[in-house]
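Below: one structure, written as structure tokens.
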């Protein structure tokens with residue numbers, strides 16, 4: 001399964017008020033492994049960036065003045081995301097801006113039209129996912145980083161590519177408890193570094209080829225003490241579920257098939 005974890009920065013809140021994209025950042029995952037392929041682009045929005053927005057992401061009008069306009073990067077961006085599942089935090093916001101840009105592009109465009117996103121990509125909203133898993137709690141990206149021990153210390157301001165990398169770690173933690181899935185089952189195999197591997201607090205999957213843990217059998221004395229404890233439980237409570245589950249054969253040191 002190909003997934004693109006994506007984030008954007010914009011000139012303001014609402015595309016209906018003429019606001020535009022100014023940055024797109026995305027990282028690629030195949031079968032829950034970060035591949036190392038990324039897409040990152042600053043965009044000249046052909047309009048002023050609101051001061052409030054600059055305070056959030058730190059991208060100024062001067063920073064994007066010489067960047068390409070969306071029409072110049074649209075085909076490359078579309079080729080990167082088309083057909084994938086897009087993993088986005090608060091997806092309606094980002095998808096709304098992308099579709100707005102595509103509609104403007106398609107007006108008078110010769111050749112195939114691009115978009116809308118939902119007709120060519122599956123969309124997974126991690127904000128909705130987080131709200132379902134943690135109702136009544138804060139579920140912004142910073143809160144989820146704290147909840148899942150994902151290192152976001154580099155995140156002073158919002159930035160599309162950094163936020164996409166962090167979201168990839170959070171998404172993997174939310175959906176499987178594993179964030180360093182580029183680690184191979186073969187300890188000798190080299191894998192592409194992921195954002196999770198760079199984060200010291202990341203959760204890592206142990207290799208399936210790891211040494212088996214030894215099983216220590218109880219001694220006769222230990223079994224006797226265990227049996228006496230269960231007998232006291234049975235006398236105090238009228239029954240002992242542990243005895244019923246394991247059976248007397250196990251208590252006598254004979255392992256039974258479960």
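The values are calculated or read from the model by the stated rules, or taken from the named source; none is laboratory data. Just so we're clear, the structure is a prediction, and the values are computed from it rather than from any experiment. With ideal geometry, Cβ positions are generated from the backbone for all residues, glycine too; neighbour counts draw on all protein chains shown.
What tally of residues in the range 142-165 results from selecting those that are within 21 Å of residue 98 (Cα to Cα) and not in a loop (DSSP other than H, G, I, E, B)?
Residues that pass the stated criteria total 6.
Would you call residue 166 farther than 22 Å from residue 20 by Cβ, modelled with pLDDT of 95 or more, assigned by TED's automatic domain parsing to the domain that holds residue 58 and surrounded by 21 or more Cβ atoms within 10 Å (Cβ to Cβ)? So residue 166 fits the description; yes.
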